[in-house]
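Nothing in this text is a laboratory measurement; each read-out follows from the coordinates by a stated rule. Owing to the predicted nature of the structure, the values given are computational and were not obtained by experimental measurement. Because the Cβ atoms are built from the backbone with ideal geometry, glycine has one as well, and the counts that use them run over all protein chains shown.
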Amino acid sequence: MNAYLKRVLDETKAKNANEPEFLQTVEEVLTSIEPVLDAHPEYEKACLLERMVEPERTIEFRVTWMDDNLQWHVNRGYRVQYNASLGPYKGGLRFASNVNLSIMKFLGFEQVFKDALTCLPIGGCKGGSDFSPIGRSDGEVMRFCQAFMTELYRHIGPDVDSPAGDVGVGGREIGYLYGQYRRIVGASGMGALTGKDIKTGGSILRPEATGYGAMYYLVEALKHDGEDIKGKRIAISGYGNVGWGIMKKAADLGAKVTYFAGPDGYIHDPDGVTTEEKLNFILEMRAKDPMHCKPYAEKFGVEFVEGTKCWGVKDVDIYMPAATQNDVNLDWAKKIAASGVKYYIEVANMPTTNDALEFLKAQKHMVVAPSKAVNACGVSVSELEMAQNAQRQYWTAEEVDAKMQQIMKNIYNASVEAAERYGLGYDLVAGANIAGFQKVADAMLAQGIF
Ligand code: GLU
């Protein structure tokens, strides 16, 4: 292993020993850029890796709020402003009970390279809280969001840092956060948050962007192999914003999601989630109870398999994990490889453990694509929202969609080209890491001490 890489990895492990998710992504990204480090010995002198693994700033704060029964609660809030060498910090907020500093740092680190891949002027960042909106009333969610923003507002702004959604933070939460932000700072700063409702400055297609973008990326990967998206069957995990966008765009393109998994088990619908009725039912089901997908099987008379995941099913062409981190471990990866399915397209942030990812990449019959490229359309449309806000304009769906398609095409091509440049062949995972890394590295070097 490159000596500089080894030293930084060892130091990072020693310094952050209690942050497993963070170490997982650092190891995955840095080992895959080894050929770049071999070709650029000057990076070591500039302490480039040491600077990249350390967030520019980590903000941690107390969030105190009161529930409907007038009980007090204290949660922890975070904003990890990772790297602004390419532009204002940009990245989502995650509200989930398992949020901790390790998860915030892993997501922030990934966001730096994802945002770089978009070629838009945005730096990388992530935030959130160990508060979960699941099972909370609207009033409770609003009071929590207000308390959270009452601290966060001083660290963000349209030219500084612009948060958006992630797991547990959708349109409702962004609305409450934005309302509180404006209550505090006044009428300015529309671009200080993205994922807003279209009536308050949101971009058309932002809710659909991540799922649609994943499908646009998939179309490019299929084209590379002379394959058509039409008629393809897809198995996904997750049916949140992202999963839903995949279902909808798949249907638009003549493909279909025939399996989807939730926390309680998985659904097998051989006809696919293609009709408006089915797509609308998923929205309703999720709003009522995000922990159970079984009602879909009852409503449409299809199979529900309780308590397990759909990885390993054979009657699909593509797997797309779109739920959360470490969804696919080595055991699941072995089932996936044994199924004979060719395409493994990551969508959720870091859905695959490192050993599982290595295993899948080593399968000669498989094409593996990494989440930081595949899911980059969400943050891209967030940036388009900031651009519209700065211009005081709304763009049409056609304009936004055309940009989305172009961005995803560019990301795919840049990944292919970067891997080829370093003699790695058709390696979409290493290619995305290298393309993102080099953009950030060049920007950091150009700015001297940073
Ligand atoms: N949370 C999303 C992501 O992982 C979106 C971030 C944003 O729109 O700023 O990329």
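Across 10 Å bins from the origin, how do the percents of Cα pairs in region 390-450 run, short distances first?
The percentages, shortest bin first, are 21, 30, 29, 18, 2.
Which pairs in the list LYS403/LYS439; LYS105/LYS196; LYS199/LYS439; LYS126/LYS361; LYS6/LYS309 are over 31 Å apart, alpha-carbon to alpha-carbon?
LYS199/LYS439; LYS6/LYS309, as the Cα separations exceed 31 Å there.
Roughly how many debye, to the nearest 20, is the charge dipole of region 46-194 about its Cα centre, given +1 on each Lys and Arg Cβ, -1 on each Asp and Glu Cβ, and no other charges?
I would put it at about 140 debye.
Where a Cα-Cα gap under 16 Å defines reach, which aspartates and glutamates qualify for LYS90, not counting those fewer than 8 residues away within the same chain?
GLU56, GLU110, ASP115, ASP159, ASP161, ASP166, GLU383, GLU385
Taking the Cα centre of the chain as origin, work out the dipole magnitude from +1 charges on Lys and Arg Cβ and -1 charges on Asp and Glu Cβ, in debye rounded to 20.
The calculation lands at about 540 debye.
What does the chain give for Rg and for Dmax, in Å, if only its C-alpha atoms count?
Values for the chain (Cα only, Rg and Dmax): 21.0, 63 Å.
Sort the following peptides by mean Cβ neighbour count (other Cβ atoms within 10 Å, averaged over residues), highest first: 318-331, 410-423, 280-293.
318-331, 410-423, 280-293
Please compute the alpha carbon radius of gyration of region 38-138, then divide it by the globular-protein estimate 2.2 N^0.38 Å. Two decimals is fine.
1.33
If you bin every alpha carbon distance in region 318-450 into 5 Å steps from zero, what whole percent lands in each bin?
2, 10, 16, 18, 17, 15, 11, 7, 3, 1, 0
So for region 9-50, Kirkwood radius off the Cα pairs, Stokes-Einstein at 25 °C and 0.890 mPa s: how many µm² s⁻¹?
Translational diffusion coefficient: 221 µm²/s.
Volume per residue, Å³, of the convex hull around the alpha-carbon atoms of region 127-258?
132
Any idea how far the Cα center of region 389-446 sits from the one of region 144-186, in Å?
So the two Cα centres are separated by 27 Å.
For region 243-368, which semi-axes, largest first and in whole Å, follow from the square roots of 5 times the eigenvalues of its Cα gyration tensor?
25, 15, 13
Just the number, please: percent antiparallel of the DSSP beta bridges in the chain, rounded to the nearest 5.
The antiparallel fraction comes to roughly 50 percent.
Can you tell me what the convex hull of the Cα atoms of region 104-157 projects to on average, as an area in nm²?
Its average projected convex-hull area is 4.9 nm².
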